[in-house]
Amino acid sequence: YLGTSILTDSDSFQDVVVKLERATYHKPFLGGFKNRITGVEFHNAGSQTIPKKRPDKGIQLFCRGTQTVFEKNKLQQTKNTTSTQMTKIGLHVSNMTDKLISPGKYLTAEEYHKRRLEAVIVLQTYFRRWHAINVVQNLREGKRLRLAWEAQEELRRKKEKEEKLRKEHERRLNPKTKDDFELLYHALELWRQEETERINRTLTGAERKAAFCGLLEQEAQLIASVGRHKLNADEENQQKAILHFLHKCAQPKRWKAYDGKVTEMDTQYTLRARELFEIYRSISMNDIPKDERIDVLLTLRRTVKEHECKLTQEIVELIDREVDLMSREVKECNLEGLRKRICTLFLQYIKTPKFNPEVARILKVPPDPLKLYKNVNFCHSCGNHLPSTEFPVPANSRTIGRCRLCCKLDNEARRREGFLKYKLILENLRKSEADYQDDAKIVFLVQHQDLQYMIENIWGGRSALSACSDLYDLVMVRWDKQHEWSPWNTILLTKDEAVAHLKLCNLQKAYEAAFIHRIKHKHIRAKNYFAQIPAMTSFLHRSDNQASAN
């Protein structure tokens, strides 16, 4: 508040109280001037009442400012003052530079638009020609790339086929594994069937019997040749298996940390197993100098002398005998039997858990006899008690049948079927299912016998799309990739077709209704076949629940 006096009359004053309200907003600058002499600035004043406040309704309101168009008027006509001069009395203007302008042909609106249309048609013609040239060039380039890709794929398939035939031929000439001999016996059976059919078709009477006798002799000679190859391969594979077994014992302990790094640690048992492995590999080597051989034998002698038993005493006696014979310059060919006996006894020494504790966790026959009573089954064919892992159990089997060795001998003697192709398909299927990482289980319950039944009886041994019958080029993949593989959620395709099938998002749009109906019919047949298997019952119920939910 501010007090002031106001003159009311010529000689009287009245005190008045003036209420001042300070502005809550910044006073705008409205211009002013400055005294040059004193330097005092004077601003133009303006009065403004306080704006009225809107009452608060208790609701948050939002406003949106509108934007108007700013218009501005501007003259576009430029000022150009000109003047003309005509001939008159007292002034002559030359007309030598004048031009005579005559009016041209008048164009009507229809003629004008027609002329523009013709010009547009010409422009469109050239543009369409340029566009067509580009389209054709792109199509030609795409065709060239497609033909080059097809030629490259054809060359790749041809090389793969040649490589496959070469490997198959090499496996038949030099069989080494069980699959190689299985393939060899299968080829022998195919040859026998062809010869039998030829003899029945061309010969009769005594000539036919003589031809069958000759065929039987040839088959016996071939079987004997295959048996000799098998003995050589078994000897070589046995040595490889021994080295692999000892190498596995000498491996350090490994585990993966939380950051993904693998940590390795050697224990006293792994170091002991590695030492024995190095000694065995040294004494198994042939064609080494005499001095090195003696050093290896002495190292072996010091190693086995750490334990006193009948086995170590026999090894020491054999080592002393070989050193004595080598000092007498005995030929190495006469020492082969003695060296093999030393290797055999030392291998027996290594496989004893008392001398090599690390070997106890790898031996098939556990040191504790009580463990033999667990998971042991009796083979009625060979009469041996074997662990459960030695029995092939198909998915539709209800009892434990013959062991793997008896099944292999029966196949070689009678049917001589080749399961290699089906094993490869099953192996590829299990790898692809493991890549999904969705805890697939059914594929690991199915054996190659079950897969063979599905391929031959349900799918007819052909691709569902191209009817390709080359089993080396066929694979089994999921029909619906959103659910795990099962005999009622699968399709048999070639490798290229499988890659394209797994890229599809909607099967109903990609395939025709008739094709989908055929695939569903095969799935129903597979479900009816595997419904008899107790292990598949829970998976069948789960698939039915998923189908009803969908």
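Can you return the lysines within cross-link range of Lys143? Criterion is Cα-Cα under 17 Å, with same-chain partners fewer than 8 residues away left out.
none
Residue-wise, which Karplus ³J(HN,Hα) couplings in Hz belong to the stretch 336-343, taking 6.51 cos²θ - 1.76 cosθ + 1.60, θ = phi - 60°, and x for glycine or proline?
Each residue's phi maps through the Karplus curve to give 4, x, 5, 5, 5, 5, 5, 4 Hz.
Could you pull out every one of the lysines with an alpha carbon less than 21 Å from that of Lys509, ignoring same-chain neighbours closer than 8 positions?
Within reach: Lys481, Lys520, Lys522.
Please list the non-local residues whose amide H lies under 5 Å from the amide H of Gly461, H modeled 1.01 Å from N, same-chain partners needing a gap of 5 or more.
Result for Gly461 returns Glu456.
Taking the Cα centre of the stretch 178-249 as origin and charging only Cβ (+1 Lys, Arg; -1 Asp, Glu), how large is the dipole, in debye to the nearest 20? Working shown, then result.
Values: 10 positive and 13 negative charges, 15 e Å.
For this selection, approximately 80 debye.
What's the magnitude of the charge dipole for the chain around its Cα centre, counting Lys and Arg as +1 and Asp and Glu as -1 at the beta-carbon? Answer in Debye, nearest 20. Please list the in-between numbers first.
Working: 95 positive and 73 negative charges, 437 e Å.
Here the size comes out at about 2100 debye.
Using 0.36 nm per residue of separation minus the Cα-Cα distance, give me the extension gain between Cys343 and Lys310 in nm, one decimal. All intermediate terms of the calculation are to be shown ahead of the outcome.
Working: separation 33, 0.36 × 33 = 11.88 nm, distance 1.61 nm.
10.3 nm is the gain from fully extending Cys343 to Lys310.
Checking the a/c ratio against 1.5 first, then a/b against b/c, what shape does the Cα gyration tensor give for the stretch 421-548? All intermediate terms of the calculation are to be shown ahead of the outcome.
Working: a/c = 1.29, a/b = 1.11, b/c = 1.16.
Because its axes are fairly even, with a/c under 1.5, the stretch 421-548 counts as rounded.
Are there any trypsin sites (Lys or Arg not before Pro) in the stretch 74-121 that are in a DSSP loop and have at most 14 other Cβ atoms within 10 Å? List them by number. Numbers along the way, then the final one.
Numbers: sites: Lys74, Lys79, Lys88, Lys99, Lys105, Lys114, Arg115, Arg116; in loops: Lys74, Lys79, Lys99, Lys105.
Taking the stretch 74-121 and a limit of 14 other Cβ atoms within 10 Å, the loop trypsin sites (Lys or Arg not before Pro) found are Lys74, Lys79, Lys99, Lys105.
Considering amide H positions built from the backbone, and no H for Pro or chain starts, which residues 5 or more places from Thr490, or on another chain, come under 5 Å of its amide H?
Residues meeting the amide H criterion: Trp479.
Among Ser327, Cys406, Ser94, whose Cα projects farthest towards the positive end of the dipole of the chain, with charges put on the beta-carbon of Lys, Arg (+1) and Asp, Glu (-1)?
Of the candidates, Ser94 comes out farthest on the positive side.
Given a 1.4 Å probe and the protein chains all in place, what does the accessible area of His521 round to, in Å² to the nearest 10?
110
Give me the accessible area of Thr108, 1.4 Å probe, in Å² rounded to the nearest 10.
60
Using the Cα gyration tensor of the chain, with a ≥ b ≥ c the square roots of its eigenvalues, what is the shape: rounded (a/c below 1.5), prolate (a/b larger than b/c) or oblate (neither)? Write down the numbers at each step before the final one.
Numbers: a/c = 2.85, a/b = 1.94, b/c = 1.47.
Prolate, since a/c reaches 1.5 and a/b exceeds b/c.
Could you grab the relative contact order for the chain? Cα pairs under 8 Å, six or more apart, rounded to a whole percent. Could the numbers behind the result be given before it?
On the way: 377 pairs, mean separation 37.0, N = 550.
Over the chain, the number comes to 7 percent.
If you plug each phi of the stretch 153-158 into the Karplus form 6.51 cos²θ - 1.76 cosθ + 1.60 with θ = phi - 60°, what whole-Hz ³J(HN,Hα) values come out, in order, with x for Gly and Pro?
5, 5, 5, 5, 5, 5
Let me know the Rg and Dmax you get for the stretch 178-249 when you use only its Cα atoms, in Å.
Answer for the stretch 178-249, Rg first and Dmax second: 18.6, 64 Å.
How about the stretch 81-150: which chymotrypsin sites (Phe, Trp or Tyr not before Pro) there lie in a loop by DSSP and see at most 11 other Cβ atoms within 10 Å?
On the way: sites: Tyr106, Tyr112, Tyr126, Phe127, Trp130, Trp149; in loops: Tyr106.
Here the chymotrypsin sites (Phe, Trp or Tyr not before Pro) that fit, given the DSSP loop and packing criteria, are Tyr106.
Relative contact order of the stretch 240-291: what whole-number percent is it, with Cα pairs under 8 angstrom and at least 6 residues apart?
Details: 37 pairs, mean separation 18.0, N = 52.
Relative contact order, the stretch 240-291: 35 percent.
Output the pairs from Lys164/Lys423; Lys161/Lys495; Lys161/Lys240; Lys161/Lys230 with a Cα-Cα distance over 21 Å in this structure; if there are none, say none. Walk me through the numbers before you get to the answer.
Numbers: Lys164/Lys423 16 Å; Lys161/Lys495 14 Å; Lys161/Lys240 30 Å; Lys161/Lys230 27 Å.
Listed pairs above 21 Å: Lys161/Lys240; Lys161/Lys230.
Under 5 Å between amide H atoms, partner at least 5 residues away or on a different chain: which partners does Ser381 have, H built in plane at 1.01 Å?
Cys403
Let a ≥ b ≥ c be the square roots of the eigenvalues of the Cα gyration tensor of the stretch 207-343; is it rounded (a/c under 1.5), or, if not, prolate (a/b larger than b/c) or oblate? Could you put the intermediate results ahead of the total?
Values: a/c = 3.36, a/b = 1.41, b/c = 2.37.
It comes out oblate by the Cα gyration axes.
The values are calculated or read from the model by the stated rules, or taken from the named source; none is laboratory data. All values derive from a computational prediction rather than experimental measurement. Note that we place each Cβ from the backbone using ideal geometry, even for glycine, and neighbour counts take in every protein chain shown. Quick note on the areas: whole protein, heavy atoms, side chains included, nothing else; ligands and nucleic acids left out. Shrake-Rupley method; radii C 1.70, N 1.55, O 1.52, S 1.80 Å.
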